[in-house]
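Following: one structure in structure tokens, then a few remarks.
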Amino acid sequence: MSQIESVIVVGASAAGVSCVRELRQEGFLGSITLVDKDQHGAYERPPLSKQILMQADTTHHDIALISDEELTALNIEAHYGDGVCELDPTRRRITLESGKALTADVILLATGGEARRLPIEGADLPQVLVLRHYEDALNLRQRLTADTRVAVIGGGFIGAETTASLSKSGAAVQWLDAAALPMAHLLPTELCEKIVANHCAQGVALTPHCRLDKFIEQPDGSVSILFEDTTSIEVDVIVMGVGMAPSTPYLSEAVSAELLNPATGGIQVNDNQVTKFSGIYAAGDVAAVTQADGSTLRHEHWQSAQHQGERAAAAILNKEPPAAPVDWFWSDQGDLHIEMAGKILPTKEHLVVRLEGDWPVYFSVVDNRVVGAVSVNNPNAVRAAMRMIKNNVNVEPSQLANPELPLRKLMRG
């Protein structure tokens, strides 16, 4: 490709904003256009289940990823509230819902994901909500009173965060999960049990092994949740937190066949965020990235999205990509701040428990090398683990488990 003079970023997401910032920081002087269907533009998603839901005076301006002032300072043209309805990857052209067509030398697709809805009868009732956009959080917040009965469906982090926030607001919360224990597919079982017990102590009623049948609206506006075993509960609001799917409605069937990874539904890219079409890149939740072993992985974490945006900018400018950081993730659930780094292995023989304070720290260790860690209300422990992972520090599991040995000393190996 000849010299790049124009870039369009589709999606004012963490990946999209990261890319436009990096382009300017690296000296790109050409035109940059940022497009997003959301009229509120670029904002953080994690606060939707916390600050926006809980604090009536908090708005999208308070959680902005990039302000209007910064957009002006960086000379970035923003098109908010006018989403992309079609992509022509060979011509590097997008068509907006308003009918306007835009072309550029490079297009980055950073459209993130959309909340999934369970395919059951009644899932489209107005009382059945998801929590992915600012308007979703406002809709839920406006429905809450001191005696609102809410059912949260889903045992992942979004379900747990929403459950904790709603319980703190005074709502009567029923937490429904198809699994035996929420978050058990993400964290060590013993830690999950303690976290869930903490939520239940705050008044949350957990129903595990939940098999939903359908939702039925009642004359008074409430909803009956019917289970496959013929039992039921009555609630005022249902929140689905059952995962996310890549957002690619702007791809035609023919383009989807060329771009999408069938296993993940994400846009297939290499490790520099490049698709099979020249000048078309993808980053963030929507991207399915080819790994060193040939497998494909789609990340759904803020840090990963930010890093992929930076890698895309480097690839666009034909510069050395930034080094990959240690994977890191956090989840705020009421008074619990959970942090996780690296990879938590499911096998107990690789698990080292450090009894430190009110909450144990869990390390995954392979051949005396830390490969993952998770903590609650102890971020310093995870930061220490990240240093060990990055520097490939040799450490004895017995030393990790000993709270008398400061982690800062173990970081040195």
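Read the figures in this text as sums done on the coordinates, not as results from a lab. Bear in mind that the values here come from a model prediction, so they are computed numbers and not experimental data. Positions of Cβ are generated from backbone atoms using ideal geometry, with glycine treated the same way; all protein chains shown enter the neighbour counts.
Any of K37/K100; K168/K194; K37/K168; K194/K409; K276/K319; K168/K348 with alpha carbons more than 22 Å apart? Name them for me.
Numbers: K37/K100 13 Å; K168/K194 18 Å; K37/K168 32 Å; K194/K409 29 Å; K276/K319 19 Å; K168/K348 34 Å.
Those over the limit are K37/K168; K194/K409; K168/K348.
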For 305-316, 205-216, ranked highest to lowest by mean beta-carbon neighbours within 10 Å, the order is 305-316, 205-216
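Based on the mean of other beta carbon atoms within 10 Å per residue, what is the order of 270-281, 288-299, most packed first? Intermediate results must be reported in sequence, preceding the final value.
Numbers: 270-281: 18.2, 288-299: 13.9.
Top of the packing list down: 270-281, 288-299.
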Taking alpha-carbon centroids only, the range 82-98 lies from the range 157-229 a number of Å equal to 40
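Between A197 and A73, what is the FRET efficiency for a Förster distance of 51 Å, r being their Cβ-Cβ separation, to the nearest 0.05? Could the numbers behind the result be given before it?
Working: r = 48 Å, r/R0 = 0.95.
Approximately 0.55, to the nearest 0.05.
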Of 39-50, 55-66, 336-347, 73-84, ordering from highest average Cβ density within 10 Å down gives 39-50, 336-347, 73-84, 55-66
For K50, the aspartates and glutamates lying under 16 Å Cα to Cα, once residues fewer than eight places off in the same chain are dropped, come out as D62, E135, D136, E161, D332, D335
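Explain nothing, just the number: dipole magnitude of the chain about its Cα centre with +1 on each Lys and Arg Cβ and -1 on each Asp and Glu Cβ, in debye rounded to the nearest 20.
Values: 33 positive and 52 negative charges, 228 e Å.
Around 1100 debye, computed over the chain.
How much net charge surrounds E300 when only the other residues with a Cβ under 13 Å from the Cβ of E300 are counted, with Lys and Arg +1 and Asp and Glu -1? Don't skip to the end; give the middle numbers.
Working: positive: R45, R116, R132, R298; negative: E114, D285, D327.
My count for the surroundings of E300 gives +1.
Once you charge only the Cβ atoms, +1 for Lys and Arg and -1 for Asp and Glu, what is the size of the charge dipole of the range 335-410 about its Cα centre, to the nearest 20 debye? Numbers along the way, then the final one.
Values: 9 positive and 8 negative charges, 71 e Å.
About 340 debye.
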Hull volume per residue for the chain, using the convex hull of the C-alpha atoms, in Å³ is 161
Taking only the alpha-carbon atoms of the range 128-242, the convex hull volume per residue, in cubic angstrom, is 98
